[in-house]
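What follows is a set of notes on a single structure, which appears directly below.
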Amino acid sequence: MSDLLELTAAGAADRIRARELEPRDLFDFYRERAAGDGLNAFTWVADSAPEGSAESGAPLAGVPVAVKDLFCTEGAPSQAGSRILEGYRPPYTATVVSKLAAAGAPLLGKTNQDEFAMGSSNENSAFGPVLNPWDRGRVPGGSSGGSAAAVAAGLAPWAIGTDTGGSIRQPAALCGLVGLKPTYGACSRYGMIAFASSLDQAGPLTRDVTDAALLLRQMIGRDEFDATSLDFPGQIALPSAEDLNGVRLGVPEELIGSESGVEPGVRERFEATLKVAEQLGASIEPCRLPHAPHALSAYYLIAPAEASANLARYDGVRYGLRVDGDVDLITMYERTRAVGFGEEVKRRIMLGTYALSSGYYDAYYGTAQKVRTKISEDFRTAFERFDLIVTPTSPWTAFELGSKTADPLAMYLNDFCTVPMSLAGIPAVSIPCGLSDGLPVGFQLTAPAFGESRLLDAAYALERAIGFDGSEARR
């Protein structure tokens, strides 16, 4: 069974359809690996595949999927990485998880994450940090670090996470994976435990671009339970491009210039990948995103403001943790939240509440929303000249555990290259483009809204030409 570890999810599905592999054997293989998790990537692992979930004729053929703990899953712990939801088992399942199960991808387990998706390193989880399989002394990125580490280490064939400001793409870059943030509204948010409702979006974390397309095409579509979900125009095509002939790539100076903080090794891999793209036939020119340098500031007002409203529901009354005693209601609220929320969550709730408070709303939250509009306009203007915009995914490779926890600003700068796309609501994908000092580097491609198929095609052509080998992390 050891050869199963080298199969992509698509490869495993092909073996199942050819009747060379039983879906239950594949599930048991990965269940055993996940149960022996030495990276703290999982918070819960299923005992067995649900009956009838491993149908070889289904689109995903019975290949199991790991799911970020931010998604509600009926009867299984859904804790969002927080003590305030420790042990919570919801009575329903998130739409995207249900759709994957119906397509033949049974739930393998729930993956660790930064608490309520607030973090870039997966060090904010109430259940301990996740370790990067490339170097266990380093972070896997966040907030979907458990999903990324699980796939990179071969503990799961593929996984889903959520991306609010880079929480799929950044861990994908740091773990040597493909990570896709779809167009906002492409995937239902129903059953996703909310962080920032106007930004949160589900997406795949996979070994290669084909797997990402296979998983995404089962996740998209309008959902009657989510008013922000949209009908996806057309279908997600499986990528097949062999070149980039005619593709116009824009490189924004604002996101890769001297002020971006991009490490020399990351910059070197980025520039090498641009040369590969040029050899494949792409044209490459500088482009302008004038308001992109303000994206991080706007994001860290908008997202905490929305979080402060969304997290108000965790009050110790209806569900989750309650720190009781012979006290009045307000004191019970205070004690419950003091114990239940971690320091980063408290920091963002306070920041968001302040930004929304009387006398400050227009100066902070209102201004941030205006900046968001300007960023969206910048992208629309750029896409009049370019098909795709490309940047490094993360300014640096995986950093050492604990090295940035005392400096929130340094931690937030992890998202410098990913936040603008989230604010604009447009799709972006990170693919591995090589190593810097033995650690993976991510290359980010961005497309206009609902341009996922074109995005995946270009990523596929680059992936084939780069020939990245992530097997070292699975050993």
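The values are calculated or read from the model by the stated rules, or taken from the named source; none is laboratory data. Computed from a predicted structure; not experimentally measured. Positions of Cβ are generated from backbone atoms using ideal geometry, with glycine treated the same way; all protein chains shown enter the neighbour counts. Note: accessible area is taken over every heavy atom of the protein model, side chains too, but ligands, DNA and RNA are not part of it. Shrake-Rupley method; radii C 1.70, N 1.55, O 1.52, S 1.80 Å.
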Count of the range 347-366 residues which are part of a helix (DSSP H, G or I) and open to solvent by 60 Å² or more (accessible area, probe 1.4 Å): 9
Test for Phe383: is it buried (at least 22 other Cβ atoms within 10 Å of the Cβ) and either in contact (Cβ under 8 Å) with a residue 60 or more places away in the chain or more than 18 Å from Pro182 (Cβ to Cβ) (or both): no
Pair list, Cβ under 6 Å, 6 or more apart: the range 39-60 residue modelled with pLDDT of 95 or more and open to solvent by 20 Å² or more (accessible area, probe 1.4 Å), other residue part of a loop (DSSP other than H, G, I, E, B) and acidic (Asp, Glu): Thr43/Asp69
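Conditions tested, residue by residue: (1) farther than 23 Å from Ala9 by Cα; (2) among the polar types (S, T, N, Q); (3) in contact with a Phe, Trp or Tyr (Cβ under 9 Å, 6 or more places away or on another chain).
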| site | (1), (2), (3) |
| --- | --- |
| Val65 | no, no, yes |
| Asp69 | no, no, yes |
| Pro91 | yes, no, no |
| Val97 | no, no, yes |
| Ala103 | no, no, no |
| Asn122 | yes, yes, no |
| Phe127 | yes, no, no |
Within the range 281-297, tally of residues that are part of a strand (DSSP E or B), among the polar types (S, T, N, Q) and in contact (Cβ under 8 Å) with a residue 40 or more places away in the chain: 0
Close pairs from the range 206-221: first closer than 24 Å to Gly470 by Cα and at pLDDT below 95, partner open to solvent by 10 Å² or more (accessible area, probe 1.4 Å) and basic (Lys, Arg), Cβ under 6 Å, at least 6 apart: none
Count of the range 434-463 residues which are under 16 Å from Ala237 (Cβ atoms), of a type in the set (A, V, I, L, M) and in a loop (DSSP other than H, G, I, E, B): 1
Residue match in the range 255-278 (condition: open to solvent by 30 Å² or more (accessible area, probe 1.4 Å), polar (S, T, N, Q), assigned to a helix (DSSP H, G or I) and in contact (Cβ under 8 Å) with a residue 24 or more places away in the chain): no
Restricting the range 222-243 to residues that are out of contact with any helix residue (DSSP H, G or I) (no Cβ under 7 Å at 6 or more places or on another chain) and of a type in the set (A, V, I, L, M), the residue that is least open to solvent (accessible area, probe 1.4 Å): Leu230
Residue tally, condition surrounded by fewer than 20 Cβ atoms within 10 Å (Cβ to Cβ), hydroxyl-bearing (Ser, Thr, Tyr) and modelled with pLDDT of 90 or more, over the range 309-338: 2
Close pairs (7 angstrom Cβ cut-off, 6 or more residues apart or separate chains): farther than 19 Å from Ser422 by Cα and without any contact (Cβ under 8 Å) to a residue 24 or more places away in the chain in the range 444-467, crowded, with 23+ Cβ neighbours inside 10 Å and not β-branched (Val, Ile, Thr) anywhere: none
Lone unmet requirement of (1) over 16 Å from Pro204 (Cα atoms); (2) surrounded by 23 or more Cβ atoms within 10 Å (Cβ to Cβ) for Pro91: (2)
Residue in the range 246-261 that is of a type in the set (Val, Ile, Thr) and more than 28 Å from Leu439 (Cβ to Cβ) present: yes
In the range 7-28, the residues that are under 17 Å from Ser471 (Cβ atoms), open to solvent by 10 Å² or more (accessible area, probe 1.4 Å) and hydrophobic (A, V, I, L, M, F, W, C): Leu7, Ala10
Answer residue from the range 390-425, given it is more than 19 Å from the chain's Cα centre (by Cα) and either of a type outside the set (A, V, I, L, M) or farther than 23 Å from Pro140 by Cβ (or both) and is most open to solvent (accessible area, probe 1.4 Å) among those: Glu400
Unmet requirement for Gly246, which otherwise passes all of (1) within 26 Å of the chain's Cα centre (by Cα); (2) touching a residue at least 24 places away in the same chain (Cβ under 8 Å): (1)
